[in-house]
Amino acid sequence: MNRETMVIAHRGASALAPHENTLEAFQIAIDLKADMAEFDVRKTSDNILIVFHDGTIDGRKIGDMTYNRINDIASKEGYRVPTLDEVLELCSGKICLDIELKESGYERRVIDLVKGRFGYGEFSIKSFKDKVSYNVKAIDPRIKTGLLVGKKKAKLGVRLNEYFPERRMRRCKADFISPNYLLCTKKFVKRMKRKHIPVYVWTVNDPHWMRRMCRLGVDAVITDRPDIMR
C-alpha cells in the first residue's frame, strides 16, 4: 500500500481483537504501528466518559446507565468497556488518536483529558454532528477537527449535502472531511484536494478498495484491518 497514506485503526484493530474499542484492540493497533487509533466517546449517566460505539447496550441507552452497570452487561459478553482516561493512558506516547464524539455537550471535558497527555499534532476530534467541531474550535482553535459524512439510509437531499460538504465545513470550521468510502469518488477527492481539504475515508477493509483509495490520493484510510494496510 501507499505509505504516504495514513493508516487509522478503526475502534482499535477491531477485526483482530476479541472485541472493538477495548484496550486489547488498541494494543494491537499500537503493535502494528498504525499511525492513529480511532475510537468513539460517550457519556454515562454517572458522567463517566467511556470508549464505546453503540448508543445502547442490552436494549438500554448508554446515557441512562451507570458505568458499572454497563460493564456488568459487557462482562457477560466477555469484554470490558474502558474509560476514556484508560485509553489515553495506554496510547500516550505510542500512537496518535482520531477521536469521534457521539454527542455534543462534553467537548471541554474531552479536550482537557486529551491535552493532558497528547500534543496538538497527536490527536484530532471528529463527529457527524457539526456542532461538535464548532464547539471544539470555540474552546481551542488549534485542535484539528473533522466532519464525518456518509450516514446509512440517508435521503437523497442528505446524500447531496454530504457529497458537497464544503459549506458545512466552513460553518463548523472543520479541518478535514471523513467520508464513507462509497462517497469517496475520484471527483470527490479531486474537489477536496483542489480546496486543500484532507480526506480520511472510512471504513475500508477490502484490499481492492484500500488500493483504490490510495490511488485516489486520500490522506488516510480508516480500517478494521491495519495489518493489511501495513
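Read-outs: derived from the displayed coordinates by stated rules, not from any lab. Everything numeric in this text was worked out from a predicted model, so none of it was measured. Counting neighbours? That spans all protein chains shown, and the Cβs are built from the backbone with ideal geometry, glycine included.
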Hey, can you grab everything whose amide H is under 5 Å from the amide H of Asn180? Only 5+ residues off in sequence or another chain; H modelled, so Pro and N-termini drop out. Val149, Gly150, Trp202
Write down the percent of antiparallel bridges among all DSSP beta bridges whose residues are both part of the chain, to the nearest 5. 15
Tell me, what ³J(HN,Hα) does each residue in region 220-230 have, in order and in whole Hz, if you take phi through Karplus 6.51 cos²θ - 1.76 cosθ + 1.60 with θ = phi - 60° and put x for Gly and Pro? 8, 10, 8, 8, 6, 10, x, 5, 6, 5, 6
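Given the peptides 35-43, 204-212, 54-62, arrange them by the average over their residues of other C-beta atoms within 10 Å, most packed first. If you can, show how the numbers build up before the last one.
Working: 35-43: 23.8, 204-212: 15.9, 54-62: 13.0.
My ranking of the peptides, most packed first, is 35-43, 204-212, 54-62.
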Take the Cα atoms of region 62-159, find their three principal axes, and give me the spread along each one in whole Å, biggest first. 41, 37, 23
Calculate log10 I(q)/I(0) of region 120-230 for q = 0.21, 0.22 Å⁻¹, where I(q) comes from the Debye formula with a single equal point scatterer on each Cα and nothing for solvent. -1.17, -1.25
Cut-off under 19 Å on the C-alpha distance; same-chain residues fewer than 8 positions from Lys33 excluded. Which lysines are left, in chain and number order? Lys94
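Treating only the Cβ atoms of Lys and Arg (+1) and Asp and Glu (-1) as charged, compute the dipole magnitude of region 1-87 about its Cα centre; round to the nearest 20 debye. The partial results should precede the final answer.
Values: 10 positive and 15 negative charges, 26 e Å.
My answer is approximately 120 debye.
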What FRET efficiency would be calculated for the residue pair Arg168, Asn68, taking the C-beta separation as r and a Förster radius of 45 Å, to the nearest 0.05? 0.75
Relative to the longest principal axis of the chain, what angle (0 to 90°, nearest 10) does the C-alpha long axis of helix 130-139 take? 80
Over 5 Å intervals from 0, what percent of Cα-Cα pairs in region 1-109 sits in each interval? 2, 13, 23, 23, 18, 12, 5, 2, 1
Per-peptide average of other Cβ atoms within 10 Å, ordering 192-202, 174-184 highest first: 174-184, 192-202
How many percent of DSSP beta bridges within region 1-106 run antiparallel, rounded to 5? 40
Taking the DSSP beta bridges in region 3-62 as the whole, what percent of them are antiparallel, to the nearest 5? 60
Rounded to whole Å and sorted largest first, list the principal axis extents of the Cα atoms in region 186-228. 31, 14, 11
How big is the Kirkwood radius of the chain, worked out from every pair of different alpha carbons and given in Å to one decimal? 17.8
Would you grab the residues whose amide H sits under 5 Å from the one on Ala37? Only those 5+ places off in sequence or on another chain, please, with H modelled 1.01 Å from N. Ala9, Cys96, Leu97, Asp98
